[in-house]
Amino acid sequence: MAIRILSSKPISLRAVFHSLNLRNFCSNALQHSDPPSPDLVNEVSRVLSDHRNPQDDLEHSLNTFSTHVSGNLVEQVLKRCKNLGFSAHRFFLWAKTIPGFEHSVESHHILVDVLGSSKQFAVLWDFLIDMRESNCCEISPHMFWIVFRAYSRANLPRDAIRAFNRMVEFRIKPGVHDLDQLLYILCKRKHVKHAHEFFDKVKGEFEPNAKTYSILIRGWGDIGDGNEARKLFDEMLERGCSLDVLAYNSYLEALCKGGYADEAYKIFRGMKSKGIEPDACTYSIFIRAYCESNDIHSVFRVLDRMRRCNLLPNVFTYNSIIKKLLKNEKVEEAYQLLDEMIENGVRPDAWSYNAILAFHCDHCEVNRALKLLTRMETDNCIPDHHTYNMVLKLLIRIGRFDRMAELWESLSAKGFYPSVSTYSVMIHGLCKKKGKLEEACKYFEMMIDEGIPPYASTIELLRNRLLGLGLLEQIEIIAGKMERSTSCSIQEFAKVMRGRRAFRTSRRSEETDIESD
């Protein structure tokens, strides 16, 4: 709601022109498309993170940045603060009050996603209604797809369906493409029964095609119900839908996942007689099915058949075979497959290398692990945090602290900035090594200085080690540094370091128990 300030004093002509010129300057400056500096995005995001409560004076703290606001800055901050729905919405409204600034269509889409991701559904609907009433931005079907996804992720499938039914309130007539999106999103989150029930209610109002049926067939396959998939495929045939290889692939995959691989193979053999040519995806379905059943012989039989047909598996299928080979201790064969991928122009991803790297780390093969890390960089595959976490953990475990320090020092030059999980690998590993507690404290303080909130389990471990050695003064020094942090979360954790607050475990089960500690 705009606030108009009335003045009883007469305004000079010069002041009017000055005001107009300033407004034009602001308009041009605020709408520029130059990307904001990462430091500015970090600072504004930190303010939003530190002012989460409704009583916090967020707007006052944001006023410092009013001269730096641009469309790009708003979009980057909103993307960064995906789980801060309430603060992000207040930031959006604050930016709207700056003279000459207008939000982009993209920023409206991002805020809808942010509000949905943080489960602020009441605020989300108020925001959509405000958009409809003010006509400030066209409400597109894509915005509703974002809403479907948010409800589905929150395990609220019925609310996702209600959102579909509300599209007409926002002057959108849903079509079969919107229906497909809803069904796909529900099935992706395993809400297949709700998706199928809704489809049965509305299929007379739309013209469902092979794609619509394939979404539901694949959904039933993902939860291992081949019988329901079979019923839908038969219904699709009865309706006279034009079938293509994608429809067959969905059905074959559903049958394989449901335990009907033999039936699927018979259908596969009859595809060509129906004028459907199997593609690489068709063969890959059977490769993955045989991997699941640990039938390595059949995996390579299908792979050889693909080669004869000049078809290539994608990286996901290659990774499935590599994983199965490693499970059977066939690491050399995994390397051969990695080489084949590169020779065939199928670029391995970080997962391809990480699977083999995990094997070397599990077997304490440090030289081979480091050699593979170097190969990743040579092959232009960017290592991710799992890559570095595994290698750092291995180096600490076998006591190669020189190589550990060398690798850590090289991370920033490689463009990798440690996350909370990487710091935790260092701290947990060093805490368990004799004489390395001081180093563990050093990495903990580095994490605090970076403004990264630690895991509660990391604080507990470090505090207990210090307490066990009677280093109460060191606990107080670290807690004091935490209290001086600009992050509210770190400030709160100071109480945990001092032992005045119970520990809470969350954050995806403390990053899978600190990389399977």
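The values are calculated or read from the model by the stated rules, or taken from the named source; none is laboratory data. Please read all numbers here as calculations on a predicted model, not as lab measurements. With ideal geometry, Cβ positions are generated from the backbone for all residues, glycine too; neighbour counts draw on all protein chains shown. The area values use the complete protein model at the heavy-atom level, side chains included, leaving out ligands, DNA and RNA. Shrake-Rupley method; radii C 1.70, N 1.55, O 1.52, S 1.80 Å.
Of the candidates 104, 61, the single residue that is open to solvent by 10 Å² or more (accessible area, probe 1.4 Å), among the polar types (S, T, N, Q) and under 19 Å from residue 124 (Cα atoms) is 104. Taking the criterion of being open to solvent by 70 Å² or more (accessible area, probe 1.4 Å) and part of a helix (DSSP H, G or I), the residues of region 136-189 that qualify are 142, 149, 153, 158, 162, 165, 168, 169, 177, 184, 188.
Residues of region 192-211 that are under 21 Å from residue 155 (Cβ atoms) and either in contact (Cβ under 8 Å) with a residue 24 or more places away in the chain or aliphatic (A, V, I, L, M) (or both): 192, 194, 195, 196, 198. A search for C-beta distances below 7 Å between a residue of region 393-414 that is closer than 12 Å to residue 370 by Cβ and any residue that is of a type in the set (D, E, K, R), counting only pairs 6+ apart in sequence or on different chains, returns 395/403. Where helices (runs of 4 or more DSSP H) sit wholly within region 318-383, those with at least 3 residues that are under 28 Å from residue 293 (Cα atoms) occupy 331-343, 350-362. Filtering region 406-461 to residues that are assigned to a loop (DSSP other than H, G, I, E, B) and closer than 20 Å to residue 488 by Cα leaves 419, 450, 451, 452, 453, 454, 455. May I ask you to list the residues in region 457-470 that are over 12 Å from residue 438 (Cβ atoms) and open to solvent by 10 Å² or more (accessible area, probe 1.4 Å)? Those that are over 12 Å from residue 438 (Cβ atoms) and open to solvent by 10 Å² or more (accessible area, probe 1.4 Å): 457, 460, 461, 463, 464, 467, 468, 470.
Here is a check on your reading of the model: is residue 249 buried (at least 22 other Cβ atoms within 10 Å of the Cβ) and in a helix (DSSP H, G or I)? Yes. The test for being assigned to a helix (DSSP H, G or I) and modelled with pLDDT of 95 or more does not hold for residue 266. Of all the numbered requirements in (1) surrounded by fewer than 18 Cβ atoms within 10 Å (Cβ to Cβ); (2) at pLDDT below 95; (3) in a helix (DSSP H, G or I), residue 200 misses one, and that requirement is (2).
Considering region 293-337 alone, what residues qualify as being over 26 Å from residue 361 (Cα atoms), among the β-branched types (Val, Ile, Thr) and in contact (Cβ under 8 Å) with a residue 24 or more places away in the chain? Across region 293-337, the qualifying residue is only 299. Test residue 473 against the criterion of being out of contact with any strand residue (DSSP E or B) (no Cβ under 6 Å at 6 or more places or on another chain), modelled with pLDDT of 90 or more and surrounded by fewer than 16 Cβ atoms within 10 Å (Cβ to Cβ), and give yes or no. It is true that residue 473 is out of contact with any strand residue (DSSP E or B) (no Cβ under 6 Å at 6 or more places or on another chain), modelled with pLDDT of 90 or more and surrounded by fewer than 16 Cβ atoms within 10 Å (Cβ to Cβ). So is residue 312 among the aliphatic types (A, V, I, L, M) and part of a loop (DSSP other than H, G, I, E, B) or not? Answer is yes for this residue. Residue 221 satisfies every condition listed in (1) part of a helix (DSSP H, G or I); (2) among the small types (Gly, Ala, Ser); (3) open to solvent by 20 Å² or more (accessible area, probe 1.4 Å) except (3). Which of the residues belonging to region 443-458 are acidic (Asp, Glu), within 18 Å of residue 43 (Cβ to Cβ) and out of contact with any Pro (no Cβ under 9 Å at 6 or more places or on another chain)? 449, the sole residue that qualifies.
Test residue 244 against the stated conditions and say whether it is at pLDDT 90 or above, closer than 30 Å to residue 325 by Cβ and open to solvent by less than 70 Å² (accessible area, probe 1.4 Å). Here the answer is no, as residue 244 does not meet what is asked. Scanning region 384-400 for residues that are open to solvent by less than 50 Å² (accessible area, probe 1.4 Å) and assigned to a helix (DSSP H, G or I) returns 387, 388, 389, 390, 391, 392, 393, 394, 395, 396. Every residue in region 476-492 that is open to solvent by 60 Å² or more (accessible area, probe 1.4 Å) and outside any helix (DSSP H, G or I), please. Within region 476-492, 484, 486 qualify.
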